[in-house]
Amino acid sequence: MSAPTQHTQDQATALAIELTNINKAFGPVQANRDVNLAVRKGTIHGIVGENGAGKSTLMSILYGFYEADSGKIQLGGKPLKIQNSRQAIESGIGMVHQHFMLVDRFTVLENIMLGAESGARLNESRDRARQELQRLADEFGLNVDPDIVTSELSVGLQQRVEILKALYRGAEILILDEPTGVLTPQEADQLFKILATLRNRGVSVILITHKLQEIMAITDYVSVMRQGTMVAERRTSDTSKEELAELMVGRKVLLKTEKDERQAGDALMQARNINYFDDKGVQRLKDINLDLRSGEIVGIAGVSGNGQTELMEILSGMVPLQEGALTLPDGTKVDSSTVPDAKDFRNKSIGHVPEDRLKSGMVKAFKAQEAAIMGFHDDKAYNGTILMDNKKVEAHCLELMEAYDVRPADPSLKSANFSGGNQQKLVLAREMERRPSVLLVGQPTRGVDIGAIEFIHKNLIRMRDEGHAILLVSVELEEIMSLSDRILVMFDGQIVGEIEGRNATTQKLGLMMGNAKVSETPEEQAKDLQEA
């Protein structure tokens, strides 16, 4: 990733888009309050902020999903009223969403044409679209086979199709929402090269991301939002990750996790020769072997969908074994002949923070105090002779909320009414405060504010230092490298590599995530990277 040139920044002075005193409320919640944003032509402008800071609302107003309660928008110095997404598109504003809006069974060409057909005859429209697609590919380096079915493309190429869709519709301002969340490091580097090309061709790019290293690597300017307001704008070359983090949170934040060398002990949990086939007969796990040792954090890196979810479900008892064997912390052996469930695994000191908190970690209609004891609701500590002791349950929830800074600290509030970050902290508090021998953690900081990330990381390190075994699954490579003592890489249901955390780099892990062999020694690593 290369930083923008000073020449580019100094030349880009005219404004592509300007938002002035934008206000937007949802009932009593003021999502945007007198927000001002000026994006210069031919620049990449980053927007950062904690969850709930108002970034997505602001971009939704710009793209026509919402209409501002007050304020004004100017495009190229002229007033613009955007009431829907079609008006935004017609005005030259495009958006690439975090979750792609493609029809899997359509070809690339059909996806790009969809909703933007021209002329009465489809074949003529198709021919014109093919010519325009080739022109865009040549100009911006966005080469994709127009006749390939979209579902056959890698995630990185699908994202490229989304960018082509926006450019095909005439986008001169391109909004990208968390664009690297599903990409390998190599795919992210390729994306940034594309964005740099777009900038050099005069396209203005707005980048929403929580990854400060990406802001520093690719943007020309960055704006910081906090609690619905715009608190700062900086030329990227004049700021740092540390300053941006402090502006986002309102206090100094420790970005690098500090930890001592691990003191790994005996294996508390083992998996041997695990194979798993889904309902359609597709093999999702292939001969998985791993040991989880006391006093060690083992990280699993890999692009989502390569078997991490299935592995976590088997290790937590959510899904029964089909082939292979497990040894649990108390020495219990589990194989395909036994029929355990998640409760059995919990009772044998295995904690589990699922990757999808809403699907597997809580019930949105339940109160927070009920969510705080899910899986442990038959514990004697919460029950009287006949009925559950709600006062004890409430008191326990309050203790967790205070310890993990869950806001608002209201045990009676329904789980659905908490922000995603606070829902996550509640699930983490429930599992971590039980001090299980083995803790399985999926995406621990997904949707969590940068200040809370620091807190969660410290607690995971504390558990490791107390002698617990932790398995960490995360799509965030910075998180994996920062926390893990040992890193396993999964690709297509297999563990394709292992590396010591202290020796890991994004380049090494990225190659391994693409199933390329990477060696430990610096000489072999340099050769691997050169060949890649």
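The values are calculated or read from the model by the stated rules, or taken from the named source; none is laboratory data. All values derive from a computational prediction rather than experimental measurement. Glycine also receives a Cβ, built like all others from the backbone with ideal geometry; neighbour counts cover every protein chain displayed. What goes into the accessible areas is simple: the full protein's heavy atoms, side chains included, and nothing from ligands, DNA or RNA. Shrake-Rupley method; radii C 1.70, N 1.55, O 1.52, S 1.80 Å.
Taking the stretch 464-482 and a reference point 7 angstrom along Cα→Cβ of Thr332, the backbone N atoms nearer than 18 Å belong to 469.
Each principal axis of the Cα cloud of the stretch 6-95 was evaluated for its coordinate range; sorted largest first, these ranges are 45, 30, 21 Å. Among Lys286, Lys458, Lys359, the sequence by solvent-accessible area, most first, with a 1.4 Å probe is Lys359, Lys458, Lys286.
The calculated Kirkwood hydrodynamic radius for the stretch 164-322 is 19.9 Å, given to one decimal from all distinct C-alpha pairs.
The charge dipole of the stretch 282-400, taken about its Cα centre with unit charges on the Cβ atoms of Lys, Arg (+1), Asp and Glu (-1) only, comes to about 260 debye. Evaluating kT/(6 pi eta Rh) at 25 °C and 0.890 mPa s, with the Kirkwood radius of the stretch 353-456 over Cα pairs in the Stokes-Einstein relation, gives 178 µm² s⁻¹. With kT/(6 pi eta Rh) evaluated at 25 °C and eta = 0.890 mPa s, and Rh the Kirkwood radius from Cα pairs, the stretch 12-155 diffuses with a coefficient of 139 µm²/s according to Stokes-Einstein. Cα centroids of the stretch 43-59 and the stretch 87-140: 27 Å apart. Its Cα gyration tensor gives the stretch 382-424 an equivalent ellipsoid; the semi-axes, largest first and in whole Å, are 23, 11, 7. Once the Cβ-Cβ distance between Ala116 and Glu500 is put in as r, and R0 is 35 Å, what FRET efficiency do you end up with, to the nearest 0.05? The calculated FRET efficiency here is 0.10. Please tell me which of these pairs span more than 30 angstrom C-alpha to C-alpha: Lys256/Lys348; Lys72/Lys425; Lys55/Lys458; Lys193/Lys359; Lys280/Lys380; Lys348/Lys391? Over 30 Å apart, Cα to Cα: Lys256/Lys348; Lys72/Lys425; Lys193/Lys359; Lys280/Lys380.
Once both labels are positioned 7 Å from their Cα atoms along Cα-to-Cβ, the gap between Asp492 and Lys343 label points is 4.1 nm. Accessible surface area normalised per residue over the stretch 29-92 is 45 Å², counting heavy atoms of protein chains with a 1.4 Å rolling probe. Remark: the Asp356-Lys458 segment gains 34.5 nm on full extension, using 0.36 nm per residue and subtracting the alpha carbon distance. For the stretch 317-360, the extents of the C-alpha atoms along the principal axes are 31, 22, 13 Å, listed from largest to smallest. Under the convention that each Lys and Arg Cβ holds +1 and each Asp and Glu Cβ holds -1, the size of the dipole of the chain around its Cα centre is about 1340 debye.
Thr338 sits with roughly 50 Å² accessible to a 1.4 Å probe, with DNA, RNA and ligands left out of the calculation.
Protection proxy ranking for 406-415, 474-483, using the average of other Cβ atoms within 10 Å per residue and placing the highest first: 474-483, 406-415.
Each label point was placed 7 Å from the Cα along the Cα-to-Cβ direction; for Ala25 and Gln263 their separation is 5.6 nm. How many percent of Cα pairs in the stretch 113-187 exceed 22 Å? The proportion of pairs with Cα distances above 22 Å equals 26 percent. Expressed in nm to one decimal, what extension gain is obtained for the pair Arg135 and Asp278 from 0.36 nm per residue of sequence separation less their Cα-Cα distance? Difference between extended and current length: 47.2 nm.
Heavy-atom accessible surface of Arg284, to the nearest 10 Å², is about 90 Å², with a 1.4 Å probe and all protein chains retained.
By the compact-protein rule of thumb, 2.2 N^0.38 Å, the alpha-carbon radius of gyration of the stretch 351-405 corresponds to a ratio of 1.17.
The charge dipole of the stretch 282-340, taken about its Cα centre with unit charges on the Cβ atoms of Lys, Arg (+1), Asp and Glu (-1) only, comes to about 80 debye. Testing the spin-label approximation: label points 7 Å from Cα along Cα→Cβ at Gln83 and Arg169. State their distance in nm. Modelled inter-label distance: 1.8 nm. With Cα atoms as the point set, the radius of gyration and Dmax of the stretch 188-273 evaluate to 19.0, 58 Å. Expressed per residue, the C-alpha convex hull volume of the stretch 372-520 stands at 134 Å³. Rounded to the nearest whole angstrom, the semi-axes of the ellipsoid equivalent to the stretch 408-496, taken from the Cα gyration tensor as √(5λ), stand at 25, 16, 12, largest first. A Förster radius of 45 Å, combined with the Cβ-Cβ distance separating Asn417 from Glu124, puts the computed FRET efficiency at roughly 0.30. Against the compact-protein benchmark of 2.2 N^0.38 Å, the Cα-based radius of gyration of the chain scales to 1.04.
Dipole orientation for the chain: of the candidates Val48, Pro354, Val108, Val48 has the Cα lying most toward the positive pole (charges on Cβ; Lys, Arg +1; Asp, Glu -1). As a length-normalised measure over Cα pairs under 8 Å and 6 or more apart, the relative contact order of the chain settles at 14 percent. Remark: the Gln213-Lys392 segment gains 60.0 nm on full extension, using 0.36 nm per residue and subtracting the alpha carbon distance. In this view, the solvent-accessible surface of Ser240, computed with a 1.4 Å probe and all protein chains in place, comes to about 40 Å². Expressed as a whole percentage, what fraction of the accessible surface of the chain belongs to carbon and sulfur atoms when a 1.4 Å probe is rolled over the protein heavy atoms? Summing carbon and sulfur atoms, their accessible area is 47 percent of the total for the chain. As a calculated quantity, the FRET efficiency between Glu399 and Ser304 at R0 = 35 Å, using C-beta atoms, amounts to about 0.55. Rg/Rh for the stretch 283-327 to two decimals, with Rh computed the Kirkwood way over all alpha-carbon pairs. Rounded to two decimals, Rg/Rh equals 0.94.
Is the shape of the stretch 260-372 best called rounded, prolate or oblate, per the rule: a/c under 1.5 gives rounded, else a/b larger than b/c gives prolate, else oblate, with a ≥ b ≥ c the square roots of the Cα gyration tensor eigenvalues? Rounded. Against the criterion of solvent-accessible heavy-atom surface with a 1.4 angstrom probe, Ser419, Ser60 sort, most first, into Ser419, Ser60.
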